[in-house]
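Structure, as C-alpha cells:
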C-alpha cells in the first residue's frame, strides 16, 4: 500500500465530508493507495488553520495556487463554491494531479467542455462528486435494469426536492447566480441519476420558475423549481421535478422506473431500501416487495456485516473516495468522470433554453 497526499479546497459542508472520507477510506475498503491529509485550503488563513486542526491536516493555506504547486499534494479535491471549480481544476490537471470535483463541474457548459479537454490532455484520473447514485440500493437497481429484471423500460419519473428555501423570508448567497439556483445546484443530481439508470436523454421540454422573486429585500436572480418532460435515446419517456421550496421534503432524491415486467421505486429519505414489483406468480400474490440493503449489495459489506443495518450519507462520500483512489491506482477512468459532469451541464443548458423558448429542444444541439 502506497501513501498519496491529498489536498482539499474548501473546509465547510463538503470539505468536512471529503476530509472524513479520505481519512477513513483505506480502513473501510483496504484501498491500494492510503491517503494522507496533507493540505486544507479555505478562504482565510484563520479558517484554514481552524479546519486543519479539526480535520487532522498537516498544512493549511488560503491560496489554492500554493496547494496545487505543493509537491507533497498528489491529488486535489475541489469542494469550494461552483464559481471556483474551473480555474482550480485546470491548474491541477496542468500540474498532472488527479482531480475530484464537486458538482456541478463548471458553472456553464463552456466551462465544463474546457475542463473535459484539459482532463483528456492530462491523462490523469478525474471524477465528479455525484454521490447519491453510489448508495448500495441505487447501485443494485442499476444491476437489476442491466439484467432486464423489469423487462423493457418504458417510463422514468425522478425528483430532487428539498425545502431549505420554502420560507420566502430566507435570503443569502443562494439567491444569486444561475449556478446557485435549483437547476445549477439540485437538478444535476437527478439528471445524473436519470442518465445512469436510463441512458442518454434525446430531447426535452422544461419549465423553470422563480417562486419567490424577492427574498430578504433582495431581488432573486435564479430559480426555485423546475419540471422537465424528456425522451431518452432508448425511446422511453420521462419526467423530472426539481425544487428547493418543496415544503416537507428534506432529501427528496427519488425515482420510479416502469418496465413491461415490473417496476422499481427508490427514495433517498429511506436510502437503505428499494421497492421491487414484478409480474411473476399468481395475480393475487403480486405486490411491491421491500428489499433492505445488506452485504449482498454493492459496496455495503465493507461498512457492515449485518443486513438491514444500513449505510448513511457519509458512507456515500467514502465510496466516492474509494472510486477516486481506484481510478488513480489503476490509471483508468471510472464513472462519473468529468465527461459525465459535462453531459449533465448540457442537459441543464438545454432545459434552461427550452424554458425560455417554451418549446421542445434536442439535446445534441447544445
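Some observations on this one:
- Applying the criterion of at least 3 residues that are at pLDDT 95 or above, assigned by TED's automatic domain parsing to the domain that holds residue 267 and touching a strand residue (DSSP E or B) at 6+ places or on another chain (Cβ under 6 Å) to the helices (runs of 4 or more DSSP H) found wholly in segment 85-174 leaves an empty list.
- If you go through segment 337-351 and keep only what is in a helix (DSSP H, G or I) and either crowded, with 23+ Cβ neighbours inside 10 Å or within 14 Å of the chain's Cα centre (by Cα) (or both), you end up with 338, 339, 340, 341, 342, 343, 344, 345, 347, 348, 350, 351.
- Residue in segment 290-302 that is crowded, with 17+ Cβ neighbours inside 10 Å, out of contact with any helix residue (DSSP H, G or I) (no Cβ under 8 Å at 6 or more places or on another chain) and at positive phi present: no
- Failed item in (1) more than 16 Å from residue 100 (Cα to Cα); (2) in contact (Cβ under 8 Å) with a residue 40 or more places away in the chain, with residue 329 passing the rest: (1)
- Qualifying residues in segment 27-41 (those that are in contact (Cβ under 8 Å) with a residue 60 or more places away in the chain and part of a helix (DSSP H, G or I)) - the one surrounded by the fewest Cβ atoms within 10 Å (Cβ to Cβ): 28
- Some residue of segment 240-257 being touching a residue at least 60 places away in the same chain (Cβ under 8 Å), more than 24 Å from residue 184 (Cβ to Cβ) and surrounded by 15 or more Cβ atoms within 10 Å (Cβ to Cβ): yes
- Taking (1) in contact with a helix residue (DSSP H, G or I) (Cβ under 9 Å, 6 or more places away or on another chain); (2) closer than 17 Å to residue 75 by Cα in turn, residue 330 satisfies each apart from (1).
- Test result for residue 63, surrounded by fewer than 24 Cβ atoms within 10 Å (Cβ to Cβ), closer than 25 Å to residue 182 by Cα and without any contact (Cβ under 8 Å) to a residue 24 or more places away in the chain: no
- Complete set of residues in segment 325-336 that are surrounded by fewer than 20 Cβ atoms within 10 Å (Cβ to Cβ) and touching a strand residue (DSSP E or B) at 6+ places or on another chain (Cβ under 9 Å): 326, 329, 333, 334, 335
- Look at (1) part of a helix (DSSP H, G or I); (2) closer than 20 Å to residue 69 by Cβ; (3) in contact with a helix residue (DSSP H, G or I) (Cβ under 7 Å, 6 or more places away or on another chain) and you find that residue 6 fails only one, number (1).
The values are calculated or read from the model by the stated rules, or taken from the named source; none is laboratory data. Every value quoted in this text rests on a predicted model; they were computed, and no experiment measured them. When we count neighbours, we look across all protein chains shown, and the Cβ atoms used for this are built from the backbone with ideal geometry, even at glycine.
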